[in-house]
Amino acid sequence: MGSMRRVWQNWWMQIAGGVLIAAIVVMPWLWIGEEDHSILPLGSNDALGLIVVFALTSLLGSWLVRRIGRGRTGFAVVNAVGLFLGMLALGAQGILATDPDAFSGNLSPTTTRQLWVFGGLLVIGQAWYFLSSKLPLPVATLFYATLTVSVSYWLQIVASLIAGAQSYYIYLWYTGPVVLGLILGFVGFLRAINLIFWVLALAIQWVMPAVIESSARMIQSEKTSGHALSEFGKEFASSLGEVDWQTPLIISLATAMLTSVIIVIVRKVRHR
């Protein structure tokens, strides 16, 4: 593990890691076969996929910073450059495939809107990446709770492309709660303040599917800001009532408790 960390000390490896994360996350869309040949899902016809790509990229990038980079600011910044370049290349390829004239300065209204959506999600994704990477882990769990649902969506998209994997479709939805449970497990429950973050993170996890799906519908509706926000409120209220929150809650709590207990036991054994 030490030799692996030494390799990651090189700045070019940190940039390559960010680019690689973006490439891995977007891979399922290479098999979907969109008619417009854009690798990156477009906000006009697959806003949900676009949100999932940015959320999962931020989540994996944050994990790389904490696990390999040990939370160092320099590592986070250089890796963010790789993430930015990867997403920028995918965005440019999408515009080139759908509106080649855009690079000569002739932006269509559709392309202009796509750029606003892409740019907005890029900024939010980078902000969430830095906040979840640099904040203390208990506080960062609130941001992780907004991102882990992307794991469920992404794996379901992958399963829909693999013959025979559809039978596991419903079970893959619970991978996000498992990931959040693992994170909460590392936070621990021995301090009262940590339990507050547990409750807040689980509450965020409950509403996130409704937030993401309502946001996707709002983006695809192409309405003006006032009407879009009104539409988002209606969609959110409707979607929230359909969200299954009991099973994800139980899975996250069970995973968190089990992980915390194992960590406490391991630490006690090591101290003896």
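Is it the case that region 225-243 has a residue that's exposed (fewer than 15 other Cβ atoms within 10 Å of the Cβ), touching a residue at least 40 places away in the same chain (Cβ under 8 Å) and part of a helix (DSSP H, G or I)?
no
Residue 68 fails exactly one of the following numbered conditions: (1) among the hydrophobic types (A, V, I, L, M, F, W, C); (2) open to solvent by 60 Å² or more (accessible area, probe 1.4 Å); (3) at pLDDT below 95. What is the number of that condition?
Condition (2) is where residue 68 drops out.
Within region 133-147, can one find any residue that is under 21 Å from residue 219 (Cα atoms) and either among the acidic types (Asp, Glu) or modelled with pLDDT of 95 or more (or both)? So that I can check it myself, show each step before the final result.
Within region 133-147, the subset under 21 Å from residue 219 (Cα atoms) is 146-147.
Restricting the remaining residues to those that are either among the acidic types (Asp, Glu) or modelled with pLDDT of 95 or more (or both) gives 146-147.
Yes, that holds for at least one residue.
Could you list, in sequence order, the residues of region 127-136 that are open to solvent by 30 Å² or more (accessible area, probe 1.4 Å), in contact (Cβ under 8 Å) with a residue 60 or more places away in the chain and more than 15 Å from residue 211 (Cβ to Cβ)?
Across region 127-136, the qualifying residue is only 134.
Quick check, is residue 67 closer than 26 Å to residue 180 by Cβ and among the basic types (Lys, Arg)?
Considered against the rule, which asks whether it is closer than 26 Å to residue 180 by Cβ and among the basic types (Lys, Arg), residue 67 comes out as yes.
Residue under question is residue 193, and the condition is that it be at pLDDT 85 or above, open to solvent by 20 Å² or more (accessible area, probe 1.4 Å) and out of contact with any helix residue (DSSP H, G or I) (no Cβ under 9 Å at 6 or more places or on another chain); does it hold?
Details: at pLDDT 85 or above: yes; open to solvent by 20 Å² or more (accessible area, probe 1.4 Å): yes; out of contact with any helix residue (DSSP H, G or I) (no Cβ under 9 Å at 6 or more places or on another chain): no.
So residue 193 does not fit the description; no.
When region 144-179 is examined, which residues are found to be under 11 Å from the mean Cα position of the chain (by Cα) and open to solvent by less than 40 Å² (accessible area, probe 1.4 Å)? If you could, list the steps in order and put the result at the bottom.
The initial filter retains those residues of region 144-179 that are under 11 Å from the mean Cα position of the chain (by Cα), namely 144-154, 176.
Scanning region 144-179 gives 144, 145, 146, 147, 148, 149, 150, 151, 152, 153, 176.
Collect the residues in region 85-109 that are surrounded by 15 or more Cβ atoms within 10 Å (Cβ to Cβ) and over 21 Å from residue 18 (Cα atoms), keeping them in residue-number order.
95, 97, 98, 99, 102, 107
Listed residues 124, 193; which is in contact (Cβ under 8 Å) with a residue 24 or more places away in the chain, under 27 Å from residue 218 (Cα atoms) and out of contact with any Leu (no Cβ under 9 Å at 6 or more places or on another chain)?
Answer to the selection: 124.
Can you tell which of 247, 255 is surrounded by fewer than 16 Cβ atoms within 10 Å (Cβ to Cβ), in a helix (DSSP H, G or I) and in contact (Cβ under 8 Å) with a residue 12 or more places away in the chain?
247
The values are calculated or read from the model by the stated rules, or taken from the named source; none is laboratory data. Here the structure is a predicted model, which means the values were calculated and not measured. Cβ sites come from the backbone with ideal geometry, for glycine too, and all protein chains shown count toward neighbours. Please note that ligands, DNA and RNA were not included when accessible areas were found on the heavy atoms of the full protein model with its side chains. Shrake-Rupley method; radii C 1.70, N 1.55, O 1.52, S 1.80 Å.
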